[in-house]
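*Asks:* If you scroll down you'll find the structure; I have some questions about it.
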Amino acid sequence: MKSVAVSPEIQQEVYAKTTFGFWVYIMTDCILFATLFATFAVLHGNTFGGPGGKELFSLPFVLAETLILLTSSFTCGLALLAMHRAAKQQVMFWLLVTFVLGALFLALELHEFTNLVHEGNSWRRSAFLSSFFTLVGTHGLHITAGLLWIAVLGVRLVRRGFSAATVRGLTLFSLFWHFLDVVWIFIFTIVYLLGAVSI
Amino acid sequence: MHLFLPTLVAHISPDHGLFIFGAELTIIGGGVILVALITYLKRWKWLWKEWLTSLDPKRIGVMYIVLALVMLLRGGFDALMMRAQQATSVGASHGILSSDQFQQVFTAHGTIMIFFVAMGLLFGLFNLVIPLLIGSRDVAFPFMNSTSFWLYAGGAALINLSLLVGHQFAATGWLAYPPLSELQYSPGVGVDYWIWSLQIAGVGSLLSGINFLVTIIKMRAPGMKLMQMPLFVWSAIGSIVLIIFAFPILTATLSMLALDRTLGMHFFTSAFGGNPMMYVNLIWAWGHPEVYILVLPAFGVFSEVVATFSSKRLFGYASMVWAIAGITFLSFVVWLHHFFTMGAGANVNAFFGVMTMVIAVPTGVKVFNWLFTMYRGRVRFTTPMLWFLGFVVTFTLGGVTGVLMAVPAIDFQVHNSLFLVAHFHTMIIGGAVFGFFAGLTYWFPKIFGFTLNERLGRAAFWCWFTGFLLAFVPLYVLGMMGATRRLDHYDASLGWRGLFVVAGIGVLVIGLGVCFQVLQLVVSIAQRHKHLDTSGDPWDGRTLEWSTTSPAPVYNFAVIPEVHGRDAFWETKRHKPELSAESTPHYTDIVVPKNTALGMYIAGAACLFGFAVIWHVWWLAAIGLLGVIVLLLVRLTTDATEYVIPAAEVARIEAAGRERRLA
């Protein structure tokens, strides 16, 4: 049994399969979020006498969160462009910026959650708050996984440079990160904007 | 935590009821005997190296099927207890089970049969034959495939563990409707066991779905266009697309129920603004497609079986494909027919009723196409064909009763009655299970290298078929007489007892069929030298899997076949005999994935997480979650995951296969 020196054609095949597989995975994640959105849509008025979105959400705060996440998507794109130029230092730099922005976004979200809980408006308060925490929190969990992924990619890049696996990983990560951005746009619109105007 | 320690030391005693005690003894005793047997035969290393850590989809497929059949025995035993209870618990007698036990038994029966028997057989078949049918050496992601299997096994382990640690399972029915399944009304760990065993197995199913879709789309043999794929592969695509669309809904819904129970949320509670009907909608938005996930591959099996044993090209290939596509689409717009009585209003009910009836059209197209395939063919009545003919009878019966219940006004009468129970058993046993059995008999020689004993196979079929009719036709009648499902006791004056006894006898006859199947396996293995499949093509088959040797080598095809049309192997045999003759082709090195146990470990960590959450042991849950992440990282940083079978070794294996063929 000897190990394999993998040919470029096989690498190309692996790349095609993995990318397609990842798109399908994103599709399944879409449906997961769609289910949570549907639940939120049904339950958002069920405040059980507690506060609704209008009383709880601060739009300027959420706008700041949104801008940070959108910027991180931009820097993630820059990292990918740098990857195509094989500029390792630049990739590292933009990945780092993406990581910091992502972490900042997550910190703000946790800050919002803690405030809500301290004011007595936790997920136990009403069906509306249950669905709010779950929908937004699931997005936050995805962001957390993304941060972990950036860390792994960074370490790999330092150790091995642009191996086929790293390039593949960076491409998939950028898909994932942009996808989370899109989901957030929907959260921003449906949960926060519509929440602030209605009820 | 304070709850956990005393119960972890599983105090097994008869005071939980004789049957639970018996089940516990069976699990522990069976486990001990199995371990002792493997140790005695010194088979541990073999088991570990050849099977448990294997990434060969054929091996993984066999493991799926073995586990599914073990679970079939457990689910079947549950069925037997239910029949015994309903045959005896009448008037002054209260039968063999308490109400609570009876509820746990029917919940376990449904859950096990759908998630751990039917899904297991389905993925087992996918693994066994999809790469072979499309002329590929492997699936797209072999490691993920092994992880999927172990997640499925982990779910099965958890559901059995509920008997040993905690002595309880959900008593809510197999879909655990809230508010009954909420903490307020089901305070024990039973529902949590239900949630986490399904959640873990469900994630495995989802990963498998992604894996096989990529395999079929990206790894077909050169030249094989979509409209030239064997029909089983098309039916698998339909099933997989449904898995990809439906299982995330299940994941989300189970998570929400778990959040309600574990963190005190209010998605589906009856207070604090929760909405139980939301759950019922969501679970059926998964649950109805699930029915088609199970039955579409059975359609695919029959398409292969009927064409092969009629020695004819399948009638109406294109219409079969479009029928599958139609069923796939329609199965997402009918979920509400499971609860017409919710009160959504006449227009909503009418829409879903009509959609449900429309599904009968593509299904009818398929049945006629199979019959037309047989028409003027040289039909060989082998066991798989018997399963097909039995299926035509039962499936048509089930389809007709289904259309009946698609009328909301009729559904209001038979909702939650035994009529419904009889209907969906007709579809799942007479549809999916018969199909899986046909497929297993049909493809058995390709995997193991010898055919199954025909006589015992026929005996098994006839027991299953008559047993099925005896067990479920009385339920249709009882349902019409007003018997609701899940009754643990009824009044003697209703006069239902006779029919319940007949149904009980029916289950015993099915049990006899299962005994014949076990016997068939044992006898076939003992006499395998008499029934060796040396040709690699025992049925005069039409599709690529029959072009390679039996049992198929680890790499499936020494030389990847080129495909120029439908029924690729048949055409080769008929028109280019020199290609299938004994010329020595040019072999190249073949890359094969190395064995690994990491998938098993990942599923183990996931199970630990689930178990810890069930018992609210948060530190253990953290360890489980961390374990999953760390193990994934280990896999990501492992480089040499494949090895090469040199061309010379391939030539040696192929030469041995040829010699067997000539001998």
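Just so you know, all these numbers are worked out from the coordinates, no wet-lab data involved. Quick caveat, the model's predicted, so the values are computed rather than measured. A quick note on method: Cβ atoms are made from the backbone with ideal geometry, for glycine too, and the neighbour counts reach across all protein chains shown.
*Asks:* Sort out for me the Cα centre separation of segment B:467-510 from segment A:64-116, rounded to whole Å.
*Replies:* Result: 63 Å between the Cα centres.
*Asks:* Something else: Packing-wise, with mean Cβ within 10 Å as the measure, how do A:99-110, B:121-132 rank, highest first?
*Replies:* Going from most to least packed, we get B:121-132, A:99-110.
*Asks:* Report ³J(HN,Hα) in whole Hz for each residue of segment B:111-116, in order, from the Karplus equation J = 6.51 cos²θ - 1.76 cosθ + 1.60 where θ = phi - 60°; Gly and Pro get x.
*Replies:* My calculation for segment B:111-116 gives 4, 5, 5, 6, 7, 10 Hz in order.
*Asks:* Across peptide A:36-43, how many C-beta atoms of other chains are within 10 Å of each residue C-beta, on average?
*Replies:* Partner-chain Cβ atoms within 10 Å, mean over residues of A:36-43: 4.
*Asks:* When the Cα atoms of segment A:53-197 are enclosed in a convex hull and the volume is divided per residue, what value in Å³ results?
*Replies:* Values: hull volume 13.8 nm³, N = 145.
Residue-normalised Cα hull volume stands at 95 Å³.
*Asks:* Taking the Cα centre of the protein assembly as shown as origin and charging only Cβ (+1 Lys, Arg; -1 Asp, Glu), how large is the dipole, in debye to the nearest 20?
*Replies:* It comes to approximately 2020 debye.
*Asks:* Follow-up question, since we're still on this one. For chain B, count all C-alpha to C-alpha pairs, find those more than 32 Å apart, and express that count as a whole percent of the total. Kindly include the intermediate steps, with their values, before the conclusion.
*Replies:* Numbers: 111460 of 219453 pairs.
Everything past 32 Å amounts to 51 percent.
*Asks:* Using only DSSP helix segments of four residues or longer, with each worth -39500 (n - 2.57), what per-residue ellipticity at 222 nm results for chain B after dividing by its residue count and rounding to 500?
*Replies:* It comes out at -22000 deg cm²/dmol, rounded to the nearest 500.
*Asks:* Can you return the lysines within cross-link range of B:Lys573? Criterion is Cα-Cα under 16 Å, with same-chain partners fewer than 8 residues away left out.
*Replies:* The reachable lysines, counting only those whose Cα sits under 16 Å from B:Lys573, are B:Lys312.
*Asks:* With 20 Å as the limit, write out which pairs from A:Lys88/B:Lys594; B:Lys225/B:Lys366; B:Lys446/B:Lys530; B:Lys446/B:Lys594; B:Lys42/B:Lys594; A:Lys17/B:Lys446 have Cα-Cα distances beyond it, or answer none.
*Replies:* Check vs 20 Å cut-off fails for A:Lys88/B:Lys594; B:Lys225/B:Lys366; B:Lys446/B:Lys594; B:Lys42/B:Lys594; A:Lys17/B:Lys446.
*Asks:* Near the amide H of B:Glu642, under 5 Å away, which other amide H atoms are found, from residues 5 or more places off or on another chain, if H is placed in the peptide plane?
*Replies:* Sorted by chain and number, the residues that satisfy this are A:Val4, B:Lys594.
*Asks:* Using alpha carbons only, how many degrees (0 to 90, rounded to 10) separate the axis of helix B:418-427 from the longest principal axis of chain B?
*Replies:* Compared with the principal axis, the helix lies near 10 degrees.
*Asks:* On to the next question. May I have the extent of the alpha carbons of the protein assembly as shown along their three principal axes, as whole Å values ordered from largest to smallest?
*Replies:* 80, 79, 57
*Asks:* Hey, got the dipole for chain B? About the Cα centre, +1 on K and R Cβ, -1 on D and E Cβ, debye to the nearest 20?
*Replies:* 1520
*Asks:* Find how many whole Å separate the alpha carbon centroid of segment B:328-355 from the alpha carbon centroid of segment A:154-182.
*Replies:* 44
*Asks:* Given the options B:Leu508, B:Trp234, B:Leu41, identify the residue whose Cα lies farthest towards the positive end of the charge dipole of the protein assembly as shown (+1 on Cβ of Lys, Arg; -1 on Cβ of Asp, Glu).
*Replies:* Farthest along the dipole direction, towards plus: B:Leu41.
*Asks:* Rounded to the nearest 10 degrees, what's the angle between the helix B:276-309 long axis and the longest principal axis of chain B, both from Cα atoms, 0 to 90?
*Replies:* 30
*Asks:* Straight-line reach from A:Lys54: which lysines fall under 20 Å, measuring Cα to Cα and dropping same-chain residues less than 8 apart?
*Replies:* Output for A:Lys54: empty list, no partners.
*Asks:* Moving on. Report the relative contact order of chain A, percent, no decimals, based on alpha-carbon pairs under 8 angstrom and at least 6 residues apart.
*Replies:* Values: 163 pairs, mean separation 67.0, N = 199.
Relative contact order here is 34 percent.
*Asks:* Taking the number of other C-beta atoms within 10 Å as the exposure measure, put B:Thr253, B:Thr269 in order starting with the fewest.
*Replies:* B:Thr269, B:Thr253
*Asks:* Another question, if that's okay. Sorting B:Trp570, A:Trp149, B:Trp194, A:Trp177 on the 10 Å Cβ count, fewest up front, what's the list?
*Replies:* Ordered by Cβ neighbours within 10 Å, fewest first: A:Trp149, B:Trp570, A:Trp177, B:Trp194.
*Asks:* Mind listing the phi-derived Karplus ³J(HN,Hα) values for segment B:530-540, rounded to whole Hz, using 6.51, -1.76 and 1.60 with θ = phi - 60°, and x for any glycine or proline?
*Replies:* These are the phi-based 3J(HN,Hα) values: 7, 10, 4, 9, 7, 7, x, 9, x, 9, 6 Hz.
*Asks:* Here is a follow-up. Calculate the spin-label point distance for A:His84 paired with B:Thr341, positioning each point 7 Å from the Cα along the beta-carbon direction, and give it in nanometres.
*Replies:* Result: 6.0 nm between the two label points.
*Asks:* Going toward the positive end of the dipole of segment A:53-197, with +1 on Lys and Arg Cβ and -1 on Asp and Glu Cβ, which of A:Gly195, A:Phe179, A:Phe133 do you reach last?
*Replies:* Ranked along the dipole, the leading option is A:Phe179.
*Asks:* As I understand it, the dipole of the protein assembly as shown uses +1 on the Cβ of Lys and Arg and -1 on the Cβ of Asp and Glu, about the Cα centre. Which of B:Val301, A:Phe93, B:Phe245 lies farthest toward its positive end?
*Replies:* Checking the options against the dipole of the protein assembly as shown, the answer is B:Val301.
*Asks:* Follow-up question, since we're still on this one. Given +1 on the Cβ of Lys and Arg, -1 on the Cβ of Asp and Glu, and no further charges, what dipole in debye does segment A:53-197 carry about its Cα centre, rounded to the nearest 20?
*Replies:* The dipole of segment A:53-197 has a size of about 680 debye.
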